[in-house]
Amino acid sequence: MPQKIIIDTDPGQDDAVAILLALASPEIEVLGIVAVAGNVPLPLTEANARKIVELSGQSVPVFAGCDRPLARDLVTAEHVHGKTGLDGTDLPDPTVPLQPQDGVDFIIDTLRREPAGTVTLVPIGPLTNIATAFRRAPDIIPKVQRIVLMGGAYFEVGNITPAAEFNIYVDPEAAAEVFAAGAPLVVVPLDVTHKALTSRAWVDQMRDLPNRCGPAVAGWTDFFERFDTAKYGSLGAPLHDPCTIAWLLEPDLFQGRQINIEVETEGRWTTGMTVADWWRVSGRAANALFLKDVDRDGLFGLISDRIARLP
């Protein structure tokens, strides 16, 4: 039986690779994709999600969720992802329709409909939609199989502020509520994703694939790699979001530990920081599996294999 998931996303080039990885994997059944405002505003993220589905040749419904954080003005990241959020590969306007149902209501209805413990939420953007669903329908929280999210950092500190990772920083109130909700959590932070660096050989391998998805991945990677290599001085760019899907497919590629994580919402300099008790000194109960290491070659081998299966 494939794992049933809902992808909650703000595409984003690395979001796009994560979505393609999921859609290429028979072990996973994507029940729906819900867009959220994040890397770029909601009208772009929902359109980008539909473009990615169309590129994949798969049939998955796409919904639009929240267009702003719970309590703050929206912060976006065009400086990383370009004005469309998906710069680097030109895709046509999608014919895949946007579903009329509100994306948050789709999450609620799906979790109520499916048997308890069978649906995993995979948020790879700000956590606004997930927190809003939990606020509207707290009865769904015990039905969630787990939440596998890309967000946060501890040893790698921040990438949008000195202390905060972007997805958490955009809506720290939502993140704090999701981390406190009690659903099983797997956190894929910068500590892992900064070890998941592309290489020139891998990008060339994607470009040389005899399909349309491989060259699209290469184009996206080339675009945001320029920003990341200049910022971090590294040889490649981190593929953040695909690590969530890869963990679902091959969790043995990753290592981490069960710890307590709290989200700072009031700090003068640290708003959006994920305070990860890696050394277990706080006495607070563990609420998440916090990943710290990844088999980089195994990860990229997995992504290569699956992207090659797509049209």
The distance between the Cα centres of the range 89-103 and the range 12-36, in whole Å, is 14
Of 41-51, 203-213, 5-15, ordering from highest average Cβ density within 10 Å down gives 5-15, 41-51, 203-213
With the 8 Å Cα cutoff and a minimum separation of six or more residues, the chain has a relative contact order in percent of 20
Rounded to the nearest Å, the spacing of the alpha-carbon centers of the range 242-311 and the range 107-125 is 20
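In the range 136-225, which chymotrypsin sites (Phe, Trp or Tyr not before Pro) fall in coil by DSSP and have 12 or fewer other Cβ atoms within 10 Å?
Working: sites: Tyr154, Phe155, Phe166, Tyr169, Phe179, Trp202, Trp220, Phe223, Phe224; in loops: Tyr154, Phe155.
Within the range 136-225, the qualifying chymotrypsin sites (Phe, Trp or Tyr not before Pro) (loop, at most 12 other Cβ atoms within 10 Å) are Phe155.
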A chain fully extended from Arg309 to Met1 at 0.36 nm per residue, minus the present Cα-Cα distance, gains in nm 108.9 nm
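Place a +1 charge on the Cβ of each Lys and Arg in the chain and a -1 charge on the Cβ of each Asp and Glu, then give the dipole magnitude about the Cα centre in debye, rounded to the nearest 20.
Working: 26 positive and 41 negative charges, 68 e Å.
Charge dipole, the chain, about its Cα centre: 320 debye, nearest 20.
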Among Leu42, Thr76, Thr89, the residue whose Cα sits farthest towards the positive end of the charge dipole of the range 1-119, when +1 is placed on the Cβ of each Lys and Arg and -1 on the Cβ of each Asp and Glu, is Leu42
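Take the Cα atoms of the chain, build their convex hull, and give its volume per residue in Å³.
It comes to 118 Å³ per residue, whole-number rounded.
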The local net charge around Arg112, scoring Lys/Arg +1 and Asp/Glu -1 for residues other than Arg112 whose Cβ lies under 13 Å from its Cβ, equals -1
Looking only at lysines whose Cα falls under 16 Å of Lys4's and that sit 8 or more positions away or on another chain, we get Lys143
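Values quoted throughout were computed directly from the atomic coordinates according to the rules given, and no laboratory measurement underlies them. Please read these numbers as outputs of a predicted model, since none were measured by experiment. No Cβ is skipped: glycine too gets one built from the backbone with ideal geometry, and neighbour counts run over all protein chains shown.
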